[in-house]
Structures are given as C-alpha cells and as structure tokens.
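What follows is a set of notes on a single structure, which appears directly below.
Just so you know, all these numbers are worked out from the coordinates, no wet-lab data involved. Values in this document were obtained by computation on a predicted structure and should not be read as measured data. FYI the Cβ positions are ideal-geometry reconstructions off the backbone, even for glycines, and counts take in every protein chain you see.
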Amino acid sequence: MDGGPAISPIILLFAAIFTSNMVLANFLGMCSFISVSSEYKTASGLGKAVSLVMIVTTVINWLVYRFIVVPLGLDYLRYIIFIVVIAATVQIIEMAMDRYLPDLYMKLGIFLPLITVNCSILGISLFMIIRDYSLVQSLFFGLGSGLGWWLAISALAAIREKIAKNKLPLGLEGPAITFIITGIIALAFIGFSGIFIIQ
Amino acid sequence: MSIVLTVFSVSLISTILATLVVLADKVLNNYGECEIDINDGDKTFMVTGGSNLLSTLASSRIYIPSACGGKATCGLCKVRLGSEVGAVLPTEEPYLTKEEIDANVRLSCQVKVKSSLKLYIPEELFNVREYKAKIVRITRMTRDIKEFQFALVNPASVAFKAGQYIQVVTKPYANIKESVMRAYSISSLPTNNQELEIIVRLVPGGVCTTFMHEYLQEGDELSLRGPFGEFYLHEGGDTLVFIAGGSGLAPIKSMVFDILRQKLDKKLIFFFGAVTKQDLYYVDLFTKLDAEHDNFQYVPALSQPDISDEWEGEIGLITEVVGRYITDTADMQAYLCGSPGMIDACIRVLEKAGLSQADIYYDEF
C-alpha cells in the first residue's frame, strides 16, 4: 500500500512544477489565477498561501483517505470528504498563523479563505489518489504543484503589471488579454514536456 | 445499510472536523483580556480580545463612523494607533495615504485586538451614542426626496452641532439580508434636541435609500448612531455663503436656522440649485425667512426650467449663478453640500472670485 508508482519524489516535484503544471497544463485553479493576478505583490502572496495549503492538505487528505475512507469503503464519497477536510484545515491554519506568525498572516492571511474554494487544491488530492502515490510522493507532488502554481501566477502578474501601462486595442482589455497571455505562457511551458512524464 | 453507513460516516467526519475547528478557535483565538487606552488615558477599559477593533469599541459604546459595517469598503473607520499592530493589510491600503500610514492610522475594522492597545480618536466621538428612534412623520418633498422626522426614544435627547450627520442603521428587507449603515445630515435645529429630521433622496438601487423610501412606515422604530462630522459653523466670516443641491439642503437648513435663531451678526446668502421647479422644495420656508430677516438672502436657481414653470428667478447652472452674485470675498466663508461634481465646480468658481481654500467648508456625498 505504500509503494506507489516507481517515480522518484524529486522527479515528481519538478514534473509538478514544469511539465504538468496545475494551471498551465491542467487548467485547475483558474478563477483566482485570473482574478488575483493584476498585481505582482498580491499574486505572489496568494501563490505562497496556495503552496502552503497544498502541502498541508495533500498530507492530511492522504492520511484521511488511507486510514478512514478506504477501510470504511467510502471511496465514492472522497470528493465531499476532501472538500470538508480542506475547508477545516484552511480554517485552522488561518487561526494558527494569526496567533503564532502574525507577520506572515499579514501577508497571506487574507488569501486563505479564498483558497478553500480553489479547485487546484482539490485537484491535487484527487490526482494523488488516482495515480496511487505514496505519502512521500504525495508530499513532493503537493509541494511541486504549489510551487508551480506560484510560479505561474507570479509570471502572469508580472506581465500584466507591464501591460497595465500600455494602451490595448478596445475589447482586449482585462480578462481578454489575460487569457491570451495565459495561453502563451502555457505554450512556453509545453517546451518542458517530454523531460519528465508523470501521467 | 450502505446508506446508513454513508450518512453516519459523513456526519462523523464532519463532526470531528467541526470540533477541531471549534477547539482551535477556543485555544488559538483566545487573546484574553486586553486594555484599550483612548487619548492617553482619557478613557481606559478592558475588553475581550479576538475581534476587530471597530466592533470591540462598539461593544464598549464607542462608535467609530463606518458605512460598510466592517468590510473595508468605505474607509471611514480610521483611527490613529499608539501601539504597534503589524503591517498595513492589503485591504486597508487603498484607503490610507502615505502620511496616514506614517502616522500609524489604520482602518479599525481591519485591526484585530490581540493585545492591549493605545489609540487616539477625536473627542466628539465620545458623545456618539446609539439612539432608538421612532418615525413620526414622512413627508414627500419632491418626486425623489422625502423628509423623515424621528422622535428619540432611548436616549431621549441628543446634543449635536448644526451641520453634523447621523447614521441610519437599516433593517433587512426584501432580498437584502444584512443591515447597513448610511450617513445623513441632520436638517433640524440643535435646540430641538428630542427630535431629528433628515432628508433622503432616493438613489436608484441604493440599499438604504430604497429602504427609507419604500419600506419604512410612520411609527416604525429604527437605530440611529451619531452625531458625526466636522461640517458645522466655524469661527470667523462676516458673510456666509451656503450652496446646496438636492438633499444637500439638509445641513444648510439646520445651520441657517441656527445662525438666525442666535441672531449672530452675519450676512447669509443661500444658493440652491435644481433642474426644474418640481425639484425645488422648502421654497415657501426659505422665502418667508428671506422676507423676515434683512441679513438672509435666498437664491434658488434652475438650470433647465420648464416653460410651464413660469420661473422668474435665476436661471443657469448653480456655478454661473454663484459667479454672478459673488464678487467681493472679503471676510467670507462658504459652506457647500451636494454631489462631488457640484462641489468641485463651486470651489473653482469661489477660488476664482478670490476666496481662499481655507474658508471653504464642504460635505460631499
């Protein structure tokens, strides 16, 4: 039960960042990716918060799945269970951070509630189950996916900040140009494919 | 059987998680008793930490002005802190200038009380109370403006300066589920301290104005908070110019009546701008006042009078009319209340006539 597919966790880490990036290859977590990417500072804050929550929730969800869901034969309920676990985890992380790491909370705190409904977080938990990852593999997969999401939103926000000062053709402003940029970044990330294959 | 197992398991997992969250809230969100020190010891008291400063102060009967009720969307609840509470949050940034950030001014709805705090607020805020008031009369003034008269129930009287405003706390209605607070200038006299009168123009889609115009009935009870604001008569000025548009007449009415009542040795001139004759209100009241007092002049002006109006008064935008009347600005003060556009335009006209910015007071909405 602890074997998982024969992929080194390190490879999984890099693959999750580059070749199968959550946003750019799997198109998960698009809503906040589009809406919170107009400013680099904010986008980067959200990226960090997403990374943190991804790591914590993958580990917790892995444990919940292996030791509660599977033994009770509740596999068909995993969507609901994962979502409530994520919601509760985010709540507790938010309170703990506010208490013990106030400086970090000032920077990331307001993004945490937003993350509860970020579909890439749920996506990670489902992928690790479908692909049968071990705990260590899941940990690295979560970490890599978080970093990949952070990288993607930071890149997008940096470009949008540059573009904000330029005049765009009518009808291309706002979300329209954001989607075009996302597409181009995704094309660029295709350049990484073939280096690692994880799915 | 499997249905029972499913329901049971989901309930169990949810219960465990809910318990964990509640426990975490009890343990992690418990900041114990904190001391709040206002204006270097003018007022000190103990509060339970863990909530935001705005609601913590409100529970101790200190009401900081706020229109959005703590969602960081109005930017009114600013207070200056004397203790360090960490960096400015991204939610506050849009509402704070660089000078304010340097002076440690924060939005009180975004600051969480985690330890003892020192803060500085204008002393007037100590007088702010929450009043229970009963609507005694609703009068339609024009097609979209109504006058509301409140009788104070508890506390039974209020002390305010002519020109200040109060906040109306709405009740949930129709599909509006939350109560909101909106500010309205008081149009009645401070001497009549057991009643308050406000003038509300119906804003299409406005949460509070729709509530006031369409859901409120005579006899209903409401909560009011106040008084707030620094738009009142200031020292100096032999000639006072008042300019208002729409429901901006409210604070001016209170100020004009208050000045005339005190028989202050000042010359007053009141310009009221409207589009057509049916947008004018209180015409008889001010015309009578004009006739009775040598030192008060009432100048209503219409920008586009209908032919049927048979209007013989001033015609033109209020700025043009003011420009025609105001030539000498020596010892003059101006009090403006209306939309931001009208105020900006009037300030330009007054400055062109030679009035300095320091002598222009305004209240925009």
*How large is the helix-only mean residue ellipticity at 222 nm for the protein assembly as shown, computed as the sum of -39500 (n - 2.57) over DSSP H runs with n ≥ 4, divided by its residue count, in deg cm²/dmol to the nearest 500?*
-12500 deg cm²/dmol
*Taking only the C-alpha atoms, wrap a convex hull around the protein assembly as shown and report its volume per residue in Å³ as a whole number.*
212
*Give the whole-number value, in cubic angstrom per residue, of the convex hull volume spanned by the C-alpha atoms of segment B:239-362.*
100
*Please state the charge dipole magnitude for segment B:138-190, taken about the Cα centre, from unit charges on C-beta atoms (+1 on K and R, -1 on D and E), reported in debye and rounded to the nearest 20.*
80
*Any idea how far apart B:Asp144 and B:Glu312 come out in nm if each label point goes 7 Å out from Cα toward Cβ?*
3.1
*Hits among lysines - C-alpha to C-alpha of B:Lys43 under 20 Å, sequence gap 8 or more where chains match*: B:Lys78, B:Lys112, B:Lys114, B:Lys118
*What's the long-distance tail for chain B, i.e. % of Cα pairs beyond 34 Å?*
39
*Nearest 20 debye, what's the magnitude of the dipole of segment B:239-362 about its Cα centre given +1 on Lys and Arg Cβ and -1 on Asp and Glu Cβ?*
340
*Would you list which lysines come within 20 Å of B:Lys263, measuring only between C-alpha atoms, while excluding same-chain residues fewer than 8 positions from it?*
B:Lys161, B:Lys253, B:Lys288
*Would you please state which residues of segment B:53-73 a label at B:Val207 would reach in this model, taking the label point 7 Å out along Cα→Cβ and a backbone N cut-off of under 15 Å?*
B:66-73
*With charges set only on the Cβ (+1 for Lys and Arg, -1 for Asp and Glu), what does the dipole of chain B come to about its Cα centre, in debye to the nearest 20?*
1340
*Going through segment B:215-279, which trypsin sites (Lys or Arg not before Pro) have at most 16 other Cβ atoms within 10 Å and a DSSP loop state?*
B:Lys263
_Linear extension gain, B:Ile176 paired with B:Ile101, 0.36 nm per residue minus alpha-carbon span_ = 23.5 nm
_Residue-span extension gain [B:Glu195 to B:Thr48] - 0.36 nm each, minus C-alpha spacing_ = 49.4 nm
*What is the distance, in nm, between label points placed 7 Å from the Cα along the Cα-to-Cβ direction at B:Glu214 and at B:Lys71?*
1.9
*For segment B:83-136, which GluC sites (Glu not before Pro) are in a loop by DSSP, counting at most 13 other Cβ atoms within 10 Å?*
B:Glu84
